[in-house]
1. Using packing as a proxy for protection, rank 298-304, 78-84 so that the peptide with the highest average count of other Cβ atoms within 10 Å comes first.
2. Compute the distance from the alpha-carbon center of region 336-358 to that of region 227-279, in whole Å.
3. Taking the mean number of other Cβ atoms within 10 Å as a proxy for protection, how do you rank 407-417, 88-98 from highest to lowest?
4. Spin-label point model (7 Å from Cα, Cβ direction): what's the Trp21 to Val116 distance in nm?
5. What is the total of Lys pairs in the chain with C-alpha atoms under 22 Å apart, excluding same-chain pairs fewer than 8 positions apart?
6. Expressed in nm to one decimal, what extension gain is obtained for the pair Thr325 and Leu388 from 0.36 nm per residue of sequence separation less their Cα-Cα distance?
7. Relative contact order for region 231-418: what percent, with Cα pairs under 8 Å and sequence separation of 6 or more?
8. Using each residue's phi in region 168-182, evaluate 6.51 cos²θ - 1.76 cosθ + 1.60 at θ = phi - 60° and report the 3J(HN,Hα) Karplus result to the nearest Hz, with x for Gly and Pro.
Amino acid sequence: MADGARAAIAANLSGRFFYGWVVVAVASLGLFASGPGQSHTFSVFVQPISQDLGISSATIATAYGIATLLAAFLLPKMGQLVDRHGPRRMLFVIAFALGLACLFFGAAANFLWLAVGFGLLRFVGQGSLLLACANLVSQWFSKSRGFAMSLMALGFGISMAVHPPLAQYLLDEIGWRKAWFVLGALTWITMLPIVALFVFDKPEELSLRPDGDAPSKNDNTTTPEISGVTLKEALREPSFYILSFGWFALAMLVTTLHFYQVSILTSQGIATETAAQAFTISAIMMVLVMPLVGRAFDTFRTRYVFAAALLVNAAALISITFATTLSGTIIYALLFGVNNSFTMTLFGYIWPRYFGRKHLGSIQGTGQMIGVVGASLGPLPVGLAFDLVGSAGFTIRILALLPIAAAFIALFYLRTPKSVSGQEHLE
């Protein structure tokens, strides 16, 4: 019955516009629904959980970091499952599992239970849901993939605006445990019916082509072959390691700035309120710039845009070390917003761009594992700098050399594997 309703909905909408845009809307909703597995939602609950379970904030932070790191190593397996069963079926399973993880976390009675709950939420929400949504959009778009990914990523920005105040409201009204039960139920209500009724794995299922392109005059097939290399083949390509190096650097250093922004700015004489408000400026800039970033990926040579993303990251790192006035803080916040726009668009874009769609899940899963490992390790050198010398400016400037090096390597050596076709206009 659900399949019949889904087919009827698709037939109705496909007659009006390319159905891929419906898929983008669902994927954007998926990124919004990932909120319970993201840091911006967890941050609201650290203090009440600490008080209720008698666990220090530092211990909670340690458990959170270790859980994130361990969850990262499960992502390649999730990618293989997406390849085997398709993003639609896995999206349904992941959304259901995220709701269960919220219920499990809300019932935590001790440190071990809490740590396992962190791991489940990070694996399912922060990792698997993003992977499946990015995979889905990648299947539906090629020439407009950058723009489609940028629209999908807006769901994450909306989550940053909605989930923290929602979590705080629930915390104040019903306590932290029941708040997580509500978040789990909302995940089911938001995602499960939408995935069941609106999602198709690939445009070929509706006799369509990526981007809504018409079939060529010489193509009489209704289901053209989907190209792409295997993970084993991708691992033999220099481009995989160039992309991984750049993605590791971005994930590592963006997380560092998110984690230590307030500490860095306040140590340089900026008021705490101003340091916190810089996040708002960055979020607004991210939303404004994101469609432009997506169009840039669709228009210019990918290695140029990838290098630009890395250089913007380096500029944000350097600028925060000079943010000793209000104007300096605003400049940093604007740069960081642009940096977030690049980062949120990049993950879903780069892997299908260079390695095709056929075995995308396993390649994306490995790529996401690399990024999450970087994100887990990122704050460590800055934290050590604060502990050992009391400031992090010099350390951050040294870290900025990492994306600069990755940018130059990408600029001169990043190329599409010869066995992958269809992206010649971006080479």
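1. Sorting 298-304, 78-84 by mean packing, highest first, produces 78-84, 298-304.
2. 13
3. Top of the packing list down: 88-98, 407-417.
4. 4.7
5. So the count works out to 12.
6. 20.2 nm
7. Reported as a whole number, the value is 42 percent.
8. Result, ordered by residue: 5, 4, 5, 4, 5, 8, 10, x, 5, 5, 5, 4, 5, 5, 5 Hz.
Only the coordinates and a few stated rules stand behind these numbers; no lab work does. Bear in mind that the values here come from a model prediction, so they are computed numbers and not experimental data. For neighbour counting, all protein chains shown are included, and Cβ atoms are generated from backbone atoms with ideal geometry for every residue, glycine included.
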